[in-house]
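The values are calculated or read from the model by the stated rules, or taken from the named source; none is laboratory data. Source: prediction; values computed, not measured. Cβ: placed from backbone, ideal geometry, glycine included. Neighbour counts: every protein chain shown. Side chains included, ligands, DNA and RNA excluded: accessible areas come from the protein's heavy atoms. Shrake-Rupley method; radii C 1.70, N 1.55, O 1.52, S 1.80 Å.
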Amino acid sequence: MAVNTAATRPHGPGVFPRGKSQARTDRALPYLLLLPAALALGLVSIYPIYAGVHASLTTYLYGRPVAGAGAQNYVDVFHDTTFWQAMGVTAKFVGIAVAAETVLGLGLAMLLVRDMRGIRFIRMSILAPMTVAPVVVGVIWRLMYASQTGFVNPLFTALGLSSPDVLDHQSSAFYGLVAVDVWEWTPLLFLICLAGLQSMPQEPLEAAAVDGAGPVRLFFHHTLPLLLPVLSVGVTLRLIDAIGTFDQIFVLTGGGPGTATQLISIYAYNTAFNFTDYGHGAAMLMALLAFAFLLVMVAVTLMRRASRRTS
Amino acid sequence: MTSSGNSSAQWSRRALLKSAGLGAAATVAAPLLAACSGSTGSGGGAGSKKLVIGSFQDPAMQPFRHMYVKQFQHETGIQVVYEETNYNAWYQAAKSDGLNKTGAYDIYVMDDNWVPEFAAGGIVQNMTKLGFKPNPGILAKGLDQGYWPPKSGPRLSAFKNDTPQLYALVIIDDVNLLYYDKRYFSSPPQTWDEIYAAMKSKAKPPQLYGWSARGVKGNPVVQSYLPFLNSYGANFVNDDWTPGFAGAAGVAALERLLSFLPYMSTSTPEFDTDQETGLMLQGKCMALNDYTGTAVTEIDNPSNSKVVGQINLANTPKQVKHGPAIGTFICGIASGSANTEGAMKFLEWFTSDRIQTQFARQGGNAAVTSAALHDSQAVAKYRWLPAIAQSVEASTPKPRTPDEPKFEDILGTQLNLALLDALQQKGNYGKIAQKWLKAAHDQMAKVLEQNKNIYF
């Protein structure tokens with residue numbers, strides 16, 4: 001079927017009598033089509049960000065804005081040791097969780113890309129955790145981790161191991177939360193990788209196999225490079241989402257024991273809503289936004305470089 | 001493919017990645033940021049005859065919701081709409097409603113530690129100015145929670161010389177009580193030493209624990225510590241706002257609590273009220289401190305308790321004095337209330353001697369008047385009522401400042417770490433107490449210094 005595109009469409013005087021108005025329509029159409037989305041984005045993203053920036057530049061007293069703060073809220077936040085501690089916990093959490101999810105998601109996708117008996121059911125089952133609301137995930141895992149009533153301790157005991165008392169120790173609570181995040185979000189990367197693998201051209205892989213490439217070489221030199229653009233989108237989405245993780249942690253540990261699981265989202269929430277310090281809370285979230293942006297840029301750049309190198 | 005086509009494909013991929021990154025980042029941060037800026041609530045004003053009461057969800061509010069709202073409506077003809085939501089959501093909603101004077105609510109049911117912020121911020125109305133006269137039979141310590149600036153203790157500098165005015169009225173006197181299993185104590189233990197001696201000789205963890213406590217960071221573990229702290233004669237904050245828990249008395253109080261750890265569950269740092277009281281309700285714990293709700297709804301409820309009739313209640317033990325912490329359910333009249341008169345009428349009605357006696361008699365609820373808590377008919381059925389009265393009278397309020405949740409968070413984080421440290425070291429309790437209380441002291445001192453214009 002022939003399709004008229006801008007490059008191939010015949011043009012010039014006499015070809016189309018309404019050429020000028022057609023050109024105007026062509027120019028305006030993309031903007032018109034974008035308008036609803038731009039309006040929606042303006043309402044749900046741009047305005048809140050503007051309001052957040054404004055709050056971060058304001059001093060509040062007892063919940064009321066009393067004066068402009070200039071950059072003082074940011075100065076205070078950058079001198080706050082708890083803020084940096086929370087940033088450190090956030091970076092560690094995001095790094096470990098997203099790396100584990102990527103490896104597991106990719107591994108599962110490689111394993112389940114082939115057609116076999118019951119494959120649809122298996123794939124659907126793997127996706128199930130992703131469909132549960134994060135706050136419900138938090139409640140479920142809190143019940144499972146609870147030392148007195150949960151099943152994690154008895155499970156370890158039955159296996160001849162000592163009870164981990166997950167929520168009673170700083171490191172086990174942290175890795176317990178990472179495990180919850182991995183459990184919930186590995187399916188997303190599995191889904192993205194699976195879609196990437198299924199739409200991948202098979203010719204280069206078949207050619208490499210004919211040339212004698214083994215499975216490891218085939219994976220690292222052919223499959224992974226071809227998958228990188230798709231994988232980078234998945235990892236980027238997960239990075240951003242993981243930075244803002246809140247619900248599960250709020251329900252499971254509230255940031256404890258101590259400050260072991262206090263991500264910046266939890267600390268900013270407490271600052272803004274429990275301590276009624278909207279200005280500092282908003283400044284923290286702006287810093288978090290900058291951190292997220294930076295992280296995404298780094299991730300995208302690295303992946304693009306890797307993609308270029310391998311191609 | 002042409003070169004321009006190639007660059008277009010590259011641009012698309014980059015644009016896609018950038019757009020996905022930016023869009024998702026914005027989407028993640030936007031709701032939190034917007035919420036930080038404060039919201040403008042909306043809602044129609046209540047009609048002059050309609051009374052709208054908003055509250056947070058709590059089992060203690062059940063009789064209020066199911067019986068008294070309807071009874072008031074029946075007796076006065078004033079239509080009452082009662083709405084409730086979870087604690088955090090209600091705190092934000094009430095604050096937003098009051099700041100914006102939307103008139104969506106007439107009465108806010110609050111936690112007592114909201115009073116400083118709500119009164120100082122004009123979120124609730126000055127009831128003294130409205131001419132409200134509280135029932136003189138209301139227990140003084142409970143009633144005092146509704147005054148701003150506070151009648152005793154340190155004050156914010158802006159309110160140093162102001163005369164205390166009533167901004168909120170107590171409706172349920174929630175206070176720390178000592179719960180003890182009478183199989184292990186023939187009479188109410190009077191001191192922490194007495195309890196320690198009993199657990200040393202009788203407790204056999206994990207079959208029988210000597211003590212149970214909330215250990216989760218923040219408010220829960222602070223609530224476990226306060227009766228010890230107060231009873232040792234120390235203060236959360238001193239009269240000059242300096243932290244009062246890191247001195248000798250505060251350290252000794254924490255050392256005493258930590259000395260109970262060998263006879264407590266090793267999972268205490270993850271315990272909140274349900275786990276703490278669960279041990280006692282299973283008959284696996286000799287004693288604990290908790291607020292009144294467990295007495296009213298749990299200990300004699302056969303579907304929840306294996307020790308029906310076995311648990312007695314008393315004032316929390318003393319060292320130099322009894323020191324239960326008080327935490328009342330308290331009502332304020334919304335700044336934008338469309339039915340202030342109806343709101344005052346309701347509060348006057350609910351705290352009257354007649355209704356309070358009914359409140360105590362029907363379910364053993366934590367009434368706010370002395371007469372109701374000592375009513376012979378009520379006491380015969382609900383043995384904890386006199387202990388509530390005694391504990392309210394002996395109670396110590398928490399710091400009266402909008403920053404109290406922040407102070408609690410600081411102290412509660414370090415107390416949680418002290419528990420972890422003590423469980424790991426299995427000794428050195430004095431040094432552990434000193435180390436973590438000093439850390440909390442230093443953090444709190446920094447907050448006070450940052451806000452010195454508010455405090456000094």
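How large is the accessible surface per residue of chain B, computed with a 1.4 Å probe and reported in Å² as a whole number? Don't jump to the answer; show the numbers that get you there.
Numbers: 17290 Å² over 456 residues.
With all protein chains present, chain B gives 38 Å² per residue.
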Between A:Glu206 and A:Leu43, take the C-beta separation as r, use R0 = 41 Å, and let me know the FRET efficiency to the nearest 0.05.
0.25
For B:Glu83 paired with B:Arg383, estimate the spin-label separation in nm (one decimal), with each label point 7 Å from Cα along the Cα-to-Cβ line.
4.3
Share of alpha-carbon pairs per 5 Å distance bin for the stretch A:234-302, given as whole %
4, 17, 22, 22, 19, 11, 5, 1
In the stretch A:264-300, which residues become less accessible by 30 Å² or more once every protein chain is in place, relative to the chain on its own, using a 1.4 Å probe?
A:Tyr269, A:Phe273, A:Asn274, A:Phe275, A:Thr276, A:Tyr278, A:Leu285, A:Leu289, A:Phe293, A:Met297, A:Val300
State, in square angstrom and to the nearest 100, the accessible area buried between chains B and A, both chains counted, probe radius 1.4 Å.
4600
Going out from 0 in 10 Å bins, what whole percent of all Cα-Cα distances in chain B drops into each bin?
4, 19, 27, 24, 15, 6, 3, 2, 1, 0
Full-extension gain in nm, A:Phe151 to A:Thr81, via 0.36 nm per residue minus C-alpha separation
21.5 nm
For the stretch B:382-456, just the Cα atoms, rotate onto the principal axes and tell me the three extents in Å, largest first.
43, 43, 16
At a Cα cut-off below 17 Å, give the lysines reachable from B:Lys202, other chains included and same-chain residues fewer than 8 away excluded.
B:Lys182, B:Lys284
For chain B, what relative contact order do you get, as a whole percent, if you take Cα pairs closer than 8 Å and at least 6 residues apart?
22
Explain nothing, just the number: dipole magnitude of the protein assembly as shown about its Cα centre with +1 on each Lys and Arg Cβ and -1 on each Asp and Glu Cβ, in debye rounded to the nearest 20.
1580
Over all directions, how big on average is the projection of the convex hull of the alpha-carbon atoms in the protein assembly as shown, in square nanometres?
42.7
One quarter of the convex hull surface, Cα atoms only: what value does that give for the stretch B:169-268 in nm²?
8.3
Share of antiparallel DSSP beta bridges in chain B, in percent to the nearest 5?
65
So which of B:Lys101/B:Lys151; B:Lys95/B:Lys217; B:Lys101/B:Lys321; B:Lys345/B:Lys452; B:Lys70/B:Lys321; B:Lys129/B:Lys438 end up more than 32 Å apart, counting from Cα to Cα?
B:Lys101/B:Lys321; B:Lys345/B:Lys452; B:Lys70/B:Lys321; B:Lys129/B:Lys438
Mean Cα-pair separation over length for the stretch A:72-310, i.e. relative contact order, pairs under 8 Å, 6 or more apart, %:
29
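Between B:Ala445 and B:Ala197, what length comes free when the chain is fully extended (0.36 nm per residue of separation minus the Cα-Cα distance, one decimal in nm)? Working shown, then result.
On the way: separation 248, 0.36 × 248 = 89.28 nm, distance 3.65 nm.
The span from B:Ala445 to B:Ala197 would gain 85.6 nm if fully extended.
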Run down the aspartates and glutamates and flag those whose C-alpha is under 14 Å from the C-alpha of B:Lys431, throwing out any fewer than 8 positions away in its chain.
B:Glu255, B:Asp421
If you project the alpha carbons of the stretch A:172-256 onto their three principal axes, what span does each projection cover, largest first, in Å?
55, 23, 15
Buried on assembly, the stretch B:200-218 (at least 40 Å² less accessible surface than by itself, 1.4 Å probe):
B:Lys217
Within chain B, helix-based [θ] at 222 nm, where runs of 4 or more DSSP H residues each add -39,500 (n - 2.57), nearest 500:
-14000 deg cm²/dmol
Using 1/(1 + (r/R0)^6) with R0 = 30 angstrom and r between the beta carbons of B:Lys452 and B:Thr163, what's the FRET efficiency to the nearest 0.05?
0.75
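Return the ratio Rg/(2.2 N^0.38 Å) for the stretch B:124-206, where Rg is computed over Cα atoms only. Each step should come with its number before you reach the end.
Numbers: Rg = 20.5 Å, N = 83, 2.2 N^0.38 = 11.8 Å.
The stretch B:124-206 yields a ratio of 1.74.
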If each of A:Met124 and B:Glu75 carries a label point 7 Å out from its Cα toward its Cβ, how far apart are those two points in nm?
5.9
Given a Förster distance of 22 Å, report the FRET efficiency between B:His66 and A:Ala133 from their Cβ-Cβ distance, rounded to the nearest 0.05.
0.15
Comparing each residue of the stretch B:408-430 in the complete protein assembly with the chain by itself (heavy atoms, probe 1.4 Å, ligands and nucleic acids ignored), those losing at least 50 Å² of accessible area are B:Leu420
Hits in the stretch B:268-291: amide N under 13 Å from the 7 Å Cα→Cβ extension of B:Lys306, namely B:278-286
May I ask you to give the solvent-accessible area per residue for the stretch A:266-311, in square angstrom, as obtained with a 1.4 angstrom probe?
40
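Peptide B:83-92: average number of partner chain Cβ atoms within 10 Å per residue? List each step's numbers first, then the result.
On the way: counts 0, 0, 0, 0, 0, 4, 0, 0, 3, 4.
What the average comes to for B:83-92 is 1.
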Protein accessible area in the protein assembly as shown, 1.4 Å probe - carbon and sulfur %:
60
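Give me the dipole magnitude in Debye, nearest 20, for chain B about the Cα centre, with unit charges on the beta carbon: positive for Lys and Arg, negative for Asp and Glu.
Details: 41 positive and 38 negative charges, 123 e Å.
Dipole magnitude for chain B comes out near 600 debye.
Using a 1.4 Å probe, what is the accessible area per residue for the stretch A:64-148, in Å²? Display every interim value, and only then the final one.
On the way: 4720 Å² over 85 residues.
Per residue, the stretch A:64-148 has 56 Å² of solvent-accessible surface.
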Separation in nanometres of the label points that stand 7 Å from Cα toward Cβ, at A:Ala213 and A:Met297
3.4
Amide H neighbours of B:Val80 under 5 Å, counting only residues 5+ apart in sequence or on other chains, H built in-plane at 1.01 Å?
B:Leu51
Taking N as the number of residues in chain A, what is its alpha-carbon radius of gyration divided by 2.2 N^0.38 Å?
1.30
